[in-house]
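Shown next, in structure tokens, is the structure this report addresses.
The values are calculated or read from the model by the stated rules, or taken from the named source; none is laboratory data. This one's a predicted model, so the numbers in the text were calculated from it and none came from an experiment. Cβ atoms come from the backbone with ideal geometry, glycine included; neighbour counts cover every protein chain shown.
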Amino acid sequence: MTTSRHTGLAVLLAPVPPMLERTWGYAGNARFLGACWSPPFDRIWLCDSNRQQGIAEEWESWIQYTSHPRIEPYLAPFEFGDAGIPTVHWFFLDRLRRQIAVGTEADVLAALEAEVLAPPCEPSYWCTYYDRFIEVKVDSYRPGIKPEEVESRRRRIRGEVTGQWLDGKLDSDASVRRRG
């Protein structure tokens, strides 16, 4: 863990999958993203440096990331909330550097506000590949399934992709380009 140029944030040396924000349901182009677990809603709360915010239903991916054996040790000193446990800490993601930091809600929101003028961050090749991969996987199911089943499967697949990357089964932009 190292310190950030933003007061109150601790930069984690944890791996950050290149499609992490996508698996959490973020489709914007801001370079910086704040994310936390919202126990009352059992959803992810996202807020970016473009002042866009909202709740995402991608809880499978959140759990895959925060409970993965490669990530969990970095998160032990922090409280990200759970059923009946309030959220104290938020993630602060630098999408360009693929670096994640942790801070309180106030510290993360202050850091996002300080970065309002940051240039946008276009989605990586990985995010574009990931978006196509999800749609192909979802479309491969039998026709006639209910819309809520499609969304449920989409969320599950997003969580699986996060775990596969952390397990080394999906390794880099270059390997995806060679395969795809």
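Quick notes on this structure:
- Against the test of being modelled with pLDDT of 95 or more and either over 15 Å from V161 (Cβ atoms) or in contact with a Cys (Cβ under 7 Å, 6 or more places away or on another chain) (or both), the options F32, F92, F41, F80 yield a single qualifying residue, F92.
- Within the range 95-125, the set of residues being surrounded by 21 or more Cβ atoms within 10 Å (Cβ to Cβ) and farther than 12 Å from C47 by Cβ comprises R95, I100, A101, V102, G103, D107.
- Residues of the range 18-70 that turn out to be assigned to a strand (DSSP E or B), under 21 Å from A118 (Cα atoms) and basic (K, R), as a count: 0
- All conditions in (1) in contact with an Asp or Glu (Cβ under 9 Å, 6 or more places away or on another chain); (2) free of Cβ contacts under 8 Å to residues at least 40 places away in the same chain; (3) within 26 Å of V150 (Cα to Cα); (4) of a type in the set (A, V, I, L, M, F, W, C) hold for M19, with the sole exception of (2).
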